[in-house]
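Just below is one structure, and these are the notes that go with it.
The values are calculated or read from the model by the stated rules, or taken from the named source; none is laboratory data. Since the structure is predicted, the reported quantities are computational estimates derived from the model, not experimental observations. Every residue, glycine among them, receives a Cβ derived from its backbone with ideal geometry; neighbour counts consider all protein chains shown. What goes into the accessible areas is simple: the full protein's heavy atoms, side chains included, and nothing from ligands, DNA or RNA. Shrake-Rupley method; radii C 1.70, N 1.55, O 1.52, S 1.80 Å.
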Amino acid sequence: MPDLLTDLRDAVGGEHVLTDAADVAAYATDWRGAYGGTPLAVVRPASTAEVAAVARLAHAAGVAIVPQGGNTGMCGGAVPSGDGTQIVLSLGRMRSIRDVDAAGGTITVEAGVVLADVQAAATAVDRLFPLSLGSEGSCTIGGNIATNAGGTAVLRYGMMRNLVLGLEVVLPDGRVWDGLRSLRKDNTGYDLTQLFIGAEGTLGIVTCAVLVLHPATPARATAWVALPSVSAAAALLPVLREYAAERLTTWELVSRAALDLVVDQGLQDPLASDAEWFGLIELAGPSGAPVDDDLERALGAAVGAGLVLDAAVAGSPAQRAGLWAMRERVSEAQESLGPTIKHDVSVPITSLSSLVDRLAPALEHALPGVRPVIFGHVGDGNLHYNLSRPADLSGDDFVTHTAALSAIVHDCTVELGGSISAEHGLGSGKAAAAAAYKSDVEVDLMRAIKRAIDPDGLLNPGKVLPLQ
Ligand code: FAD
Ligand code: MLT
Ligand code: ZN
């Protein structure tokens, strides 16, 4: 494609069109090394006009584009195919915060702004941008929007789609949709903003967004608890809500296997309990909110009801950070066991313990010695039921079992009325599985939307919907 590459260099500058193997390596493979491909080129535009120019040129040449933000995704959505025909379009140079409106409660940011930078910009004006993920130091707002990211404060603030008011999107043919509105109410037809959220870059390239800011929550109370069972974890949610109401922001679960992994990485176990299940609770509110008292009363009631065995309450910011690390470091710690087969499932919260009880024997039967590392957003009914290899099996051999093991997890999840992807999206890894569980009507509607917006199938092909 010499002409296309020349035109792309003219559009964004020669140094921002990468083709050397060493230069494209970091963009060609995901952070875990689980998914990878070979791009035709990596293109790094710096503005919406440059993104539009890249899309126009690629469209005219019939070349597919794979949008990429921080490349922290879990299911291969941001990496190209292996045949050297697709462009990776990195939003990493679009890092402007265009506007902060503390009074109106909005912030307008370009797609490549890192989530932690948006949080910091909100804090600087005494506001909160509440999306919070373990990857917040490197994931981008564009990726958060494209995956409809969840994280550890969904209980209180909802998912990313609840935090977006307006979008600017470059369409597959290079046209720009300017939907950068900051309205709380707008009933003028189909909600295009919501359509692009969670579309994983298959319908348009997000270049800018108007996001919602919430009041700051400087008062925080955080506890690490030991639990008798998963059903106790589920039963604890209404108790926490009874005492904390909307001040409850976080209710996360960590299994013994997950705890052992982070302790092996050098973190200090806050309780030294021999329980099998643990959890992180956080309450937050405005300055002066009685979060410490609320937490104490909630824990007292929970211990009285047999739902909590033991608890450690953070007495300082450093202790709070230590408790949070016990939860947020699990994902990376599991990589120390070799490749992880990840599952990102949700069920009604009352079915969580059935899910865990049923899966353990079924997976052990399918692959003796397989190690479940279970953790996640128990308050949302969302578990990361991740699997590591049996000690005597190589990583390469283990991943050959992915389809069989995932089918067990996904079948059970769906039988319990759940979803096979609660927050990470489908990417290439789960696109076929998701289509198999959906009705023909649902898949037809999704394909019709894709055809209407991207009739040539040039935006992130094979992601979300399997290729036909
Ligand atoms: P990428 O990985 O670059 O891309 C993800 C998808 O979005 C791809 O399909 C890509 O094509 C598309 N995309 C990226 N930018 C754009 C754009 N501008 N326009 C259109 N499409 C685009 N996720 C959660 O939801 N909850 C968690 O709690 C969570 N915890 C994590 C913890 C760790 C340690 C790690 C490593 C990851 C975690 N993730 C979590 C997964 C991941 O961080 C999120 O999915 C995040 O939203 C991805 O952002 P990104 O910028 O890295 O996107
Ligand atoms: C998390 O919540 O830490 C991630 O979304 C889970 C994962 O790594 O599977
Ligand atoms: Zn998660």
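Of all positions in the stretch 152-160, at least one carries a residue that is of a type in the set (Gly, Ala, Ser), under 15 Å from the mean Cα position of the chain (by Cα) and either over 18 Å from Val206 (Cβ atoms) or within 16 Å of ligand 2 (Cβ to nearest atom) (or both).
For the stretch 278-297, the set of residues classified as open to solvent by less than 70 Å² (accessible area, probe 1.4 Å), closer than 23 Å to Gly151 by Cβ and in a loop (DSSP other than H, G, I, E, B) consists of Ala289 only.
Of the residues screened, Asp269 is one that is more than 25 Å from the chain's Cα centre (by Cα) and open to solvent by 30 Å² or more (accessible area, probe 1.4 Å).
Is it the case that some residue within the stretch 415-430 is in contact with a helix residue (DSSP H, G or I) (Cβ under 9 Å, 6 or more places away or on another chain), away from ligand 3 (no atom under 16 Å from the Cβ), assigned to a helix (DSSP H, G or I) and among the charged types (D, E, K, R)? Yes, some residue in the stretch 415-430 is in contact with a helix residue (DSSP H, G or I) (Cβ under 9 Å, 6 or more places away or on another chain), away from ligand 3 (no atom under 16 Å from the Cβ), assigned to a helix (DSSP H, G or I) and among the charged types (D, E, K, R).
Just to be sure, is Ala234 crowded, with 17+ Cβ neighbours inside 10 Å, outside any strand (DSSP E or B) and either over 25 Å from the mean Cα position of the chain (by Cα) or at pLDDT below 95 (or both)? It is false that Ala234 is crowded, with 17+ Cβ neighbours inside 10 Å, outside any strand (DSSP E or B) and either over 25 Å from the mean Cα position of the chain (by Cα) or at pLDDT below 95 (or both). Filter the strands (runs of 3 or more DSSP E) completely within the stretch 298-398 down to those with at least 2 residues that are away from ligand 3 (no atom under 16 Å from the Cβ) and more than 28 Å from Ala434 (Cα to Cα). Counting at least 2 such residues, we get 310-313.
None of Ile107, Ile145 is surrounded by 24 or more Cβ atoms within 10 Å (Cβ to Cβ), part of a strand (DSSP E or B) and not aromatic (Phe, Trp, Tyr) except Ile107.
Only a single criterion out of (1) open to solvent by less than 50 Å² (accessible area, probe 1.4 Å); (2) near ligand 1 (Cβ under 8 Å from one of its atoms) is not satisfied by Ser138, namely (1).
Considering (1) within 14 Å of ligand 1 (Cβ to nearest atom); (2) surrounded by 17 or more Cβ atoms within 10 Å (Cβ to Cβ); (3) not in a loop (DSSP other than H, G, I, E, B), say which one Gly166 fails and leave the rest. With respect to (1) within 14 Å of ligand 1 (Cβ to nearest atom); (2) surrounded by 17 or more Cβ atoms within 10 Å (Cβ to Cβ); (3) not in a loop (DSSP other than H, G, I, E, B), Gly166 is out only on (1). Among the residues that make up the stretch 126-133, is at least one of them open to solvent by 50 Å² or more (accessible area, probe 1.4 Å) and within 16 Å of ligand 3 (Cβ to nearest atom)? Checked the stretch 126-133: no residue is open to solvent by 50 Å² or more (accessible area, probe 1.4 Å) and within 16 Å of ligand 3 (Cβ to nearest atom).
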